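Here the structure is laid out as structure tokens; the discussion comes afterwards.
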Amino acid sequence: MEQIIKNQRIFFNNNNTKPLSFRISALKKLKQLLQENEGTLDNAIYKDFKKSSFDNYTNELSLLYKDIDEATNNLKKWAAIKKAPTNLINFPSKSYIIPEPLGVTLIIGAWNYPYQLSFAPAIASIAAGNTVVLKPSELPINTSNAIANLVNENFDSSFFKVIEGGIPETTALLNQKFDKIFFTGSVPVGKIVYQAAAKNLTPVTLELGGKSPTIITANCNLKITVKRLIWAKYLNAGQTCIAPDYVYIHETIKEDFLNECKKEIESSKYSFENENYVQIIDDKNYNRLVNLIDKEKIFLGGKHDSHTRYIEPTILENVKDDDEIMKDEIFGPILPIISYTDLSVIITKIKERPKPLSCYVFTNDAKTKKRILNEISFGSGGINEAIMQISNSHLPFGGVGESGIGSYHGESGFKTFSHYKSILEKPNWLELSLKYFPHTLRKLKLIKFIMKL
């Protein structure tokens with residue numbers, strides 16, 4: 001690992017990654033490789049999750065293709081020198097800002113969307129002109145192997161290298177000095193990454209998680225609300241960092257809401273055979289989720305099979321805020337429902353928890369929407385929609401507080417992997433003496449006058 005990072009630093013310091021032509025060529029090459037190997041990538045993720053080729057394309061690969069296209073089409077603009085205003089005290093001069101790459105970057109991917117959450121930050125880092133060491137999650141071992149083979153067989157390791165492994169390999173990587181670390185995963189591991197980065201004052205982006213609430217008011221469009229909510233919750237069997245984690249439903253529409261949820265889940269026919277559902281990633285997470293299902297509170301679902309790591313879409317009703325399932329992020333196909341009558345009460349309860357990665361509001365009331373957006377802090381969210389904010393690359397994606405540090409996607413990703421170098425440039429044909437010795441009262445008065453302008 002030391003030698004790989006050393007070689008990447010030499011490669012970067014020799015300015016190999018700085019030409020825009022190099023970056024664009026590398027990104028187009030990556031897109032071509034992904035497209036040519038879609039079958040291999042489909043097979044690998046099916047072995048790990050039973051994720052279908054349809055879901056692999058819509059949830060993962062299509063987003064990567066879009067990221068690459070946007071970067072290659074806009075890179076010249078993103079990397080251009082930006083003019084900045086100059087104040088009077090620096091007359092005559094000009095000011096500008098130069099985006100520059102940070103250097104050698106480490107990206108640690110997550111298991112739930114192994115292609116998208118590994119390659120998306122890598123695309124942003126390459127676009128910004130960095131070298132990349134990518135450590136995909138070891139849990140989906142087949143996708144990890146596919147990622148490593150695709151990259152390591154086609155790119156110079158001094159520029160782009162995949163290192164596979166688990167905790168020992170990740171720990172060894174974190175002991176090295178990088179110029180940027182990008183991590184996607186859980187809050188506890190995020191804290192470990194943050195501590196490791198602090199030793200070298202390495203800047204980090206942490207894409208974490210949290211219990212993302214959904215608030216549904218009495219005047220929502222119930223059918224559309226349920227259709228969008230159920231899709232968002234059970235996509236990837238709930239193993240999505242921005243999935244609706246729990247629902248606050250207004251008491252007056254609770255029964256109608258639950259009945260609509262039952263209809264929607266039954267009509268969706270979630271199953272491996274229908275290729276619209278996936279396995280729980282491993283036995284550890286399967287057992288954790290099964291233990292969260294309170295049999296006395298099951299409204300729908302609850303069945304599970306340890307041999308296939310299958311947990312059917314499950315809804316729990318009459319859940320209380322202090323129940324076990326409300327303590328940590330669920331990250332699975334279990335949806336707790338809590339009824340409410342007073343919006344102020346649930347806003348207070350949400351604010352008492354760590355700031356969530358996402359928040360979703362289903363309402364037709366403008367005042368309610370405005371109040372929630374104004375009072376609750378969260379990373380990203382939707383009004384009358386869920387999860388789809390991630391598909392708009394013009395919206396920076398990231399958390400706040402314990403749900404994450406920093407953001408990416410689109411130009412925001414380019415900025416995350418760049419340093420913006422500020423320059424003041426002066427000509428030599430004029431030099432005012434105000435700042436130089438001797439210091440006089442007249443000079444001070446003139447400086448005070450200029451500073452007020």
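Things worth noting here:
- Residue within the stretch 247-255 that is in a loop (DSSP other than H, G, I, E, B) and in contact (Cβ under 8 Å) with a residue 60 or more places away in the chain present: no
- Some residue of the stretch 215-235 being within 20 Å of SER137 (Cβ to Cβ) and outside the structural domain of SER407 (by TED's automatic domain parsing): yes
- Of all residues in the stretch 190-217, those being part of a helix (DSSP H, G or I) and among the basic types (Lys, Arg) number 1.
- Any chance ILE315 is assigned to a strand (DSSP E or B) and either modelled with pLDDT under 95 or of a type outside the set (Asp, Glu) (or both): yes
- Filter pass, PHE397 being in contact with a His (Cβ under 9 Å, 6 or more places away or on another chain) and buried (at least 19 other Cβ atoms within 10 Å of the Cβ): yes
- Qualifying residue in the stretch 321-343 (condition: of a type in the set (Lys, Arg), surrounded by fewer than 18 Cβ atoms within 10 Å (Cβ to Cβ) and within 20 Å of LYS254 (Cα to Cα)): no
- Residue in the stretch 416-429 that is crowded, with 19+ Cβ neighbours inside 10 Å and not hydrophobic (A, V, I, L, M, F, W, C) present: yes
- Annotation: SER306 fulfils all but one of (1) loosely packed, with under 14 Cβ neighbours inside 10 Å; (2) under 22 Å from GLU260 (Cβ atoms); (3) free of Cβ contacts under 8 Å to residues at least 24 places away in the same chain; the unmet one is (2).
- Qualifying residues in the stretch 44-75 (those that are without any contact (Cβ under 8 Å) to a residue 24 or more places away in the chain and not small (Gly, Ala, Ser)) - the one nearest to GLY129 (Cα to Cα): ASN73
- Where a residue in the stretch 426-453 is within 18 Å of ASN90 (Cβ to Cβ) and its partner, wherever it lies, is assigned to a loop (DSSP other than H, G, I, E, B) and of a type in the set (Ser, Thr, Tyr), with Cβ under 8 Å and at least six apart: LYS426/SER93; PRO427/SER93; LYS443/SER433
Rundown of residues vs (1) closer than 13 Å to ILE108 by Cβ; (2) among the basic types (Lys, Arg); (3) at pLDDT below 95, yes/no style:
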{"position": "ASN149", "(1), (2), (3)": "no, no, no"}
{"position": "ASN154", "(1), (2), (3)": "no, no, no"}
{"position": "PHE159", "(1), (2), (3)": "no, no, no"}
{"position": "GLU164", "(1), (2), (3)": "yes, no, no"}
{"position": "GLU169", "(1), (2), (3)": "yes, no, no"}
{"position": "ALA172", "(1), (2), (3)": "yes, no, no"}
{"position": "LYS177", "(1), (2), (3)": "no, yes, no"}
{"position": "PHE182", "(1), (2), (3)": "yes, no, no"}
{"position": "VAL187", "(1), (2), (3)": "no, no, yes"}
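- Hits in the stretch 149-175 (condition: crowded, with 18+ Cβ neighbours inside 10 Å and in contact with an Asp or Glu (Cβ under 8 Å, 6 or more places away or on another chain)): ILE163
- The residues of the stretch 400-415 that are surrounded by fewer than 21 Cβ atoms within 10 Å (Cβ to Cβ) and of a type in the set (Ser, Thr, Tyr), listed by number, are SER407, SER412.
- Just one of (1) over 27 Å from the mean Cα position of the chain (by Cα); (2) without any contact (Cβ under 8 Å) to a residue 40 or more places away in the chain; (3) not in a loop (DSSP other than H, G, I, E, B) fails for ASN274. It is (3).
- Filter result (outside any helix (DSSP H, G or I) and surrounded by fewer than 12 Cβ atoms within 10 Å (Cβ to Cβ)) within the stretch 1-40: ASN14, ASN15, PRO19
The values are calculated or read from the model by the stated rules, or taken from the named source; none is laboratory data. In this text the structure is predicted, and so the values were computed from the model without any measurement. Heads up, the Cβs are rebuilt from the backbone with ideal geometry, glycines too, and the neighbour counts pull from every protein chain shown.
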